[in-house]
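Read-outs throughout are calculated quantities, based only on the coordinates presented, and are distinct from any laboratory measurement. Since we're looking at a predicted model, the values are computed, not measured. Cβ placement follows ideal geometry from the backbone for every residue including glycine, while neighbour counts extend to all protein chains displayed.
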Amino acid sequence: MNNAEVIVIGAGIVGAACADALSERGLRVAVIEQDIAGGGATAAGMGHLVVMDDNAAELALSAYSLSLWKDLVGDRPQRHEYSGCGTIWVAADEEEMEAALVKAQTLCGHGLLCEVLTPAALYAREPQLRAGLAGGLLVRGDGLVYPPKTTRILLDRAMRRGAITKRAQVTAIEDHAVVLGDGTRHQAQHIVLAAGVRSSVLLPELPIQAKKGHLAITDRYPGFVKHQLVELGYIKSAHAASGDSVAFNLQPRPTGQILIGSSRQFDTIDPAVEPAMLQRMLRHAASFTPQLKELNVLRTWTGFRAATPDGLPLIGPSSARRGLWLATGHEGLGITTSLATAQLLAGQIQKEKTRIPYVPYLPGRFHG
Ligand SMILES: Cc1cc2nc3c(=O)[nH]c(=O)nc-3n(C[C@H](O)[C@H](O)[C@H](O)COP(=O)(O)OP(=O)(O)OC[C@H]3O[C@@H](n4cnc5c(N)ncnc54)[C@H](O)[C@@H]3O)c2cc1C
């Protein structure tokens, strides 16, 4: 621990990806995790690998990360429980169909494979969808993984290169050092804060707000749906800066189970499942796929997204302490963007040229 060049705080998928990328560059890495690796938001999320295009920076980061996921998964998709199911963005009405066409243009312009679906083409692919929808957009390169498993794979790879992991709670960050719960102080040239939504416990000045989400998973119904189905209205819900909202988001797990999302709530840090919110989310999902009502829900849970004011993560140096780097604030897209985050962070630490510009994600954008 004491000869580490980099200490990574947090072994969620972002911390694990950073440990992997930094150890690949020959740095001596120590990862400190207070709980179970991959057991935070990483275990709570849907694991949807999705290109998002609300702005150019989000598109660049998610598309770059998707390409890194393809390399990581390679020819062993089952290790990550990966499925290249693609996403169908479902348009409920003509206004949303317009949004689908704009999205198609943006994604195709970025070299991504997508296909505009007429209602007939939509129902041919997904017969469970309710009648009367306006069509959709199929994004072929999207997929899904089981994030805790990938987290383990990344950490193991880092450990084979000499990285170490320690189970402890970091209670304070100092210049080039961390203090642990037992009072010991550990120094390193670089400290990487990758503690997800709890990053602001260690650094209260961070512009991070918790956004609670509910999910539900059913028993096994293989083939019920074949793609990740998301309503185009999701985008409005995902970017609301206040209030509670739900959106239709259905995922076919490789096990045959159906993972049902999603909800967003601010102003609460209570992890309890809220029956009213859960019911609202499930009703909304069933309004798109009516047969969903007949399926058995096995388990429900909640998780917290670490949201920043502009929806982009914080990747880069922090002026709060010397030697401190941030890799946090990934909101609802951190499984997707974890791998690109790690490359951008490691590239900055090692002063390398990065594949995409890192400037849009620099933490300094919030305090000059
Ligand atoms: C309901 C929901 C659905 C989602 N769906 C998707 C999706 O489909 N696709 C997608 O791309 N993203 C999704 N996300 C977002 C994604 O899950 C997160 O962005 C991502 O997991 C963040 O990873 P992380 O490593 O930053 O955080 P975490 O996984 O929370 O990891 C942080 C780790 O730091 C540890 N830690 C915290 N404080 C300390 C401390 N003081 N000392 C030591 N260790 C500490 C924690 O124990 C934890 O293990 C979803 C999130 C939610 C909540």
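Placing unit charges on the Cβ atoms only, positive for Lys and Arg and negative for Asp and Glu, gives region 175-299 a dipole magnitude near 460 debye about its Cα centre.
For region 222-339, the convex hull spanned by the alpha carbon atoms encloses 142 Å³ per residue. With contacts taken as Cα pairs under 8 Å at a separation of at least 6 residues, region 147-189 carries a relative contact order of 21 percent. One Cα centroid belongs to region 288-316, the other to region 325-368; the line between them spans 23 Å. Each Cα pair under 8 Å and six or more residues apart adds its separation to the average, and for the chain the resulting relative contact order is 23 percent. Largest GNM mean-square fluctuation across C85, C108, C18, computed for the chain with C-alpha springs under 10 Å, falls on C108.
Using Cα atoms only, what is the angle between the long axis of helix 94-109 and the major principal axis of the chain, expressed in degrees (0 to 90) to the nearest 10? Tilt relative to the chain: about 50 degrees.
By its C-alpha gyration tensor, with a ≥ b ≥ c as the square roots of the eigenvalues, how is region 80-221 shaped: rounded for a/c under 1.5, else prolate for a/b larger than b/c, else oblate? Taking the square roots of the gyration eigenvalues as a ≥ b ≥ c, region 80-221 is prolate.
Kirkwood's formula applied to the C-alpha pairs of region 1-55 gives a hydrodynamic radius of 12.6 angstrom.
Under a Gaussian network description of the chain, with springs only between Cα atoms under 10 Å, the residue in L180, L155, L282 that fluctuates furthest is L180. Local charge for Y221 was computed over the other residues whose Cβ lies under 13 Å away, with Lys and Arg +1 and Asp and Glu -1, and equals +2.
Under a Cβ-Cβ cut-off of 15 Å, what is the net charge of the residues other than G39 that fall near it, where Lys and Arg count +1 and Asp and Glu count -1? Residues close to G39 contribute a combined charge of +2.
Taking only the Cα atoms of region 1-131, the ratio Rg/Rh comes out at 1.08, with Rh defined as the Kirkwood radius. Overall form of the chain: prolate. Here a/c, set by the Cα gyration tensor axes a ≥ b ≥ c, is 1.5 or more, and a/b is the larger of a/b and b/c.
Just the number, please: Stokes-Einstein D of region 135-208 in µm²/s, Kirkwood Rh from C-alpha pairs, 4 °C, 1.567 mPa s. The Stokes-Einstein estimate is 83 µm²/s. For a straight C-alpha distance cut-off of 13 angstrom, the aspartates and glutamates reachable from K211 (same-chain residues fewer than eight places away being disregarded) are D244, D267, D270, E331.
The residues packed around A57, meaning those with a beta-carbon under 12 Å from its beta-carbon, carry a net charge of -3 if Lys and Arg are +1 and Asp and Glu are -1.
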